[in-house]
Amino acid sequence: MQNDIVPVLVVGGGPVGLALAGDLGWRGIACTLVEQTDGSIYQPRMDLVGIRTMEFCRRWGLVPTVEGSPYPRDYAQDNIYLTSLTGYELGRERFPGIGQAPPPKESPQRRERCPQNMFDPILRAFAASQKNVLLRYRTRLVSFTQNADLVTAVVENADTGAREEILARYIVGCDGARSLVRETLGIAMQGNPVLTHTTNVIFRCPHLLALHDKGKAYRHIFIGPEGTWATIVAINGRDEWRFSIIGGSEQRDYATDDIKAAIRRAVGRDFDFEILSVLPWVRRELVAERYRGGRAFIAGDAVHVMSPTGGFGMNTGIQDVVDLSWKLAAMIEGWGGDRLLDSYSIERQPVGTRNVTEASGNLRRMLSVPPHPDLLDDTPQGAATREKVGREFSETMRREWFTLGAHLGYRYEDSPICWPDGTAAPPDDPRAYVPTARPGHRAPHAWLADGRSTLDLFGRGFALLGFGADAAQAAPLLEAARQRHLPLTFTTIAEPHIAALYERKFVLVRPDGHVAWRGDHMPEDALCVIDVVRGAADRGKIN
Ligand SMILES: Cc1cc2nc3c(=O)[nH]c(=O)nc-3n(C[C@H](O)[C@H](O)[C@H](O)COP(=O)(O)OP(=O)(O)OC[C@H]3O[C@@H](n4cnc5c(N)ncnc54)[C@H](O)[C@@H]3O)c2cc1C
């Protein structure tokens, strides 16, 4: 029996739970994370660390470690559409190696290719390096109850079976798609429980590149006379490959010989390889109806389960916990108001729905090729069919490859803790990101004269930016924040191009980097603004 009350109990040590534990610790909030396994990755799932996640890594000081991970940075990231590796190439979207592509102008970072077996250990080391974070592996949450003040969790040692109680102020279920925390709260998942029954196979073949003439590529999408049927992904850029039989809505079990035959079909010839793991899994399209039940919260795959097409799953989950973490910190430190924690679900659930929907759209587009019986024919008609399929598919797939808007353009439109300024929202287009400092959006990046990004000003507490304005002019908000113990820094920004980007003289940015309020003048009632953004007042009643 552990008598101390843990501020936050995090359940699940996947990437989302580790990011939450690390971020809480980075904020000075003590937490305990329980993970039922020893943390080994049986089969790496994610490998795209999105640009927004990299911005968080920048804040956490993890960029050099991610960039230094063993995925080769000169490995071409092309996506190829083909009948087989030794067969016809139908189309290709070219991308340079990750290290050869500069960050886009909208961010100080670029997306990275860092598979889960490389990225999870980075997040784990980050969380473990926080002195107030306790990581407990081989420890399973068995059950929990809550009352108005506390959560009482029962956990079990996976080796000895010994059980103990952990008392916590808050519990966060980052416990994956089969979340016990979600189930205990009785929160339903809404959507489509089965898109496909897919089989993933990791195989090792150091000489695969020498067997064909297509060169290095990240993703290969195989199209046969029946349509799109399989993919191969360069999982570590060296000798390991993930082969996926995409499958359909009916479950099908493959014998090892079937899997080997399918891999040889994709490569187009007989060759030697070693199967490292086989993982049948169900591709789903689900979002939780809400992300909170009292003192319990859920995040990551526990609240949204989506097709990997687009690489949104973990990245959406890490956004969830960056949204939640500062709010928990505010409550624990005593400057958050009663409504603050409600805003988590209000802000993040629509983003979950948006990204789950986009991911399913990507799947539909990938599977949109109709049957073409003559696709493999060595005839003028076959060649014409291949040209048509390749051209149309290349155009269709671009939406999945160019996703800056999806990763940076999410916004908290109906947030009770953002103060709308009456301006119209730019379109939410997954392909195109429109930088804006409109309340609810990610405060945009621009380079400061001293070489920092504007994003480097955000993170620990709130940040008030004054464009051509000094602290004396910002005194009402600074004083209101001081009265409410809300942590707030002030920065004068002189660069005209950043003032033009932010559009108002004063912009108040939250600890997660989203704009809470902006205006050309100090608000008449600065305490009201501070009370709304810390969740202590209802904006509707004030307006
Ligand atoms: C093939 C594939 C490719 C993908 N590619 C990408 C990509 O490129 N980019 C991307 O962003 N996403 C990708 N995803 C999705 C991504 O892998 C998931 O969204 C992500 O792993 C979810 O992280 P999580 O921490 O929420 O959950 P999980 O990774 O599922 O972790 C949950 C953890 O909770 C633990 N746990 C569960 N119950 C308990 C309990 N009772 N007590 C203690 N511990 C418990 C589990 O052991 C597990 O470690 C991909 C998915 C697949 C299938």
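The values are calculated or read from the model by the stated rules, or taken from the named source; none is laboratory data. For clarity, every value in this text was computed on a predicted model and none was experimentally measured. Here the Cβ positions follow ideal geometry from the backbone for every residue, glycine too, while neighbour counts run over all protein chains shown. For accessibility, only protein heavy atoms count, side chains too; no ligands or nucleic acids. Shrake-Rupley method; radii C 1.70, N 1.55, O 1.52, S 1.80 Å.
Please go through segment 289-312 and give me each residue that is aliphatic (A, V, I, L, M) and either open to solvent by less than 10 Å² (accessible area, probe 1.4 Å) or assigned to a loop (DSSP other than H, G, I, E, B) (or both), ordered by number. The answer is ALA296, ILE298, ALA299, ALA302, VAL303, MET306. Only one of the numbered conditions (1) farther than 25 Å from HIS445 by Cβ; (2) more than 19 Å from the chain's Cα centre (by Cα); (3) of a type outside the set (Lys, Arg) is violated by GLY12, and that is (2).
Output yes when any residue across segment 229-238 is under 26 Å from the mean Cα position of the chain (by Cα), open to solvent by 10 Å² or more (accessible area, probe 1.4 Å), at pLDDT 95 or above and among the charged types (D, E, K, R), and no when none is. Checking segment 229-238: not a single residue is under 26 Å from the mean Cα position of the chain (by Cα), open to solvent by 10 Å² or more (accessible area, probe 1.4 Å), at pLDDT 95 or above and among the charged types (D, E, K, R). Of all the listed residues (PHE126, PHE144), the sole one being closer than 18 Å to VAL16 by Cβ and crowded, with 22+ Cβ neighbours inside 10 Å is PHE126. In this entry, SER107 is excluded by the filter for residues that are in a loop (DSSP other than H, G, I, E, B), in contact with a helix residue (DSSP H, G or I) (Cβ under 7 Å, 6 or more places away or on another chain) and under 30 Å from ASP239 (Cα atoms). If the condition is being more than 10 Å from the ligand (Cβ to nearest atom) and farther than 22 Å from ASP338 by Cβ, then segment 146-155 contributes THR152, VAL154. Among the residues of segment 454-504, write down those that are part of a strand (DSSP E or B), within 24 Å of LYS327 (Cα to Cα) and not β-branched (Val, Ile, Thr). Matches in segment 454-504: PHE462, ALA463, LEU464, LEU465, LEU488, PHE490.
Among the residues of segment 32-50, are any more than 14 Å from the ligand (Cβ to nearest atom) and among the small types (Gly, Ala, Ser)? No, the conditions are met nowhere in segment 32-50.
Could you tell me whether any residue of segment 266-288 is away from the ligand (no atom under 11 Å from the Cβ), buried (at least 22 other Cβ atoms within 10 Å of the Cβ) and in a helix (DSSP H, G or I)? Scanning segment 266-288, I find at least one residue that is away from the ligand (no atom under 11 Å from the Cβ), buried (at least 22 other Cβ atoms within 10 Å of the Cβ) and in a helix (DSSP H, G or I), so the answer is yes.
Of all residues assigned to segment 389-400, at least one qualifies as being closer than 21 Å to GLY352 by Cα and either touching a helix residue (DSSP H, G or I) at 6+ places or on another chain (Cβ under 9 Å) or not in a loop (DSSP other than H, G, I, E, B) (or both).
The residues listed here are VAL507, VAL515, VAL434; of these, the one that is outside any helix (DSSP H, G or I), closer than 27 Å to ARG348 by Cβ and open to solvent by 50 Å² or more (accessible area, probe 1.4 Å) is VAL434. A single entry from PHE95, PHE56 fulfils the requirement of being within 16 Å of the ligand (Cβ to nearest atom), in a loop (DSSP other than H, G, I, E, B) and either under 30 Å from ALA217 (Cα atoms) or open to solvent by less than 10 Å² (accessible area, probe 1.4 Å) (or both): PHE95. Touching a Leu at 6+ places or on another chain (Cβ under 7 Å) and among the aromatic types (Phe, Trp, Tyr): does that describe PHE119? No, not satisfied. Apart from one condition, GLY336 fits all of (1) within 15 Å of the ligand (Cβ to nearest atom); (2) open to solvent by 10 Å² or more (accessible area, probe 1.4 Å); (3) in contact with a Leu (Cβ under 9 Å, 6 or more places away or on another chain); (4) under 24 Å from VAL11 (Cβ atoms); the exception is (1).
Here ASP38 clears all of (1) open to solvent by less than 50 Å² (accessible area, probe 1.4 Å); (2) outside any helix (DSSP H, G or I) except the condition numbered (1).
Restricting ASN200, ASN192, ASN157 to residues that are modelled with pLDDT of 95 or more, within 27 Å of the chain's Cα centre (by Cα), within 20 Å of GLY14 (Cα to Cα) and of a type outside the set (Asp, Glu) narrows the list to ASN200. Restricting attention to segment 208-256, the residues being without any contact (Cβ under 8 Å) to a residue 40 or more places away in the chain, over 22 Å from GLU387 (Cα atoms) and of a type outside the set (A, V, I, L, M) number 5. The residue of segment 214-228 that is least open to solvent (accessible area, probe 1.4 Å), among those that are assigned to a loop (DSSP other than H, G, I, E, B) and in contact with a strand residue (DSSP E or B) (Cβ under 9 Å, 6 or more places away or on another chain), is ALA217.
The residue of segment 59-76 that is least open to solvent (accessible area, probe 1.4 Å), among those that are assigned to a loop (DSSP other than H, G, I, E, B) and within 17 Å of LEU455 (Cβ to Cβ), is LEU62.
Checking each residue in segment 313-333 for being more than 13 Å from the ligand (Cβ to nearest atom), open to solvent by 10 Å² or more (accessible area, probe 1.4 Å) and among the hydrophobic types (A, V, I, L, M, F, W, C) picks out MET331, ILE332.
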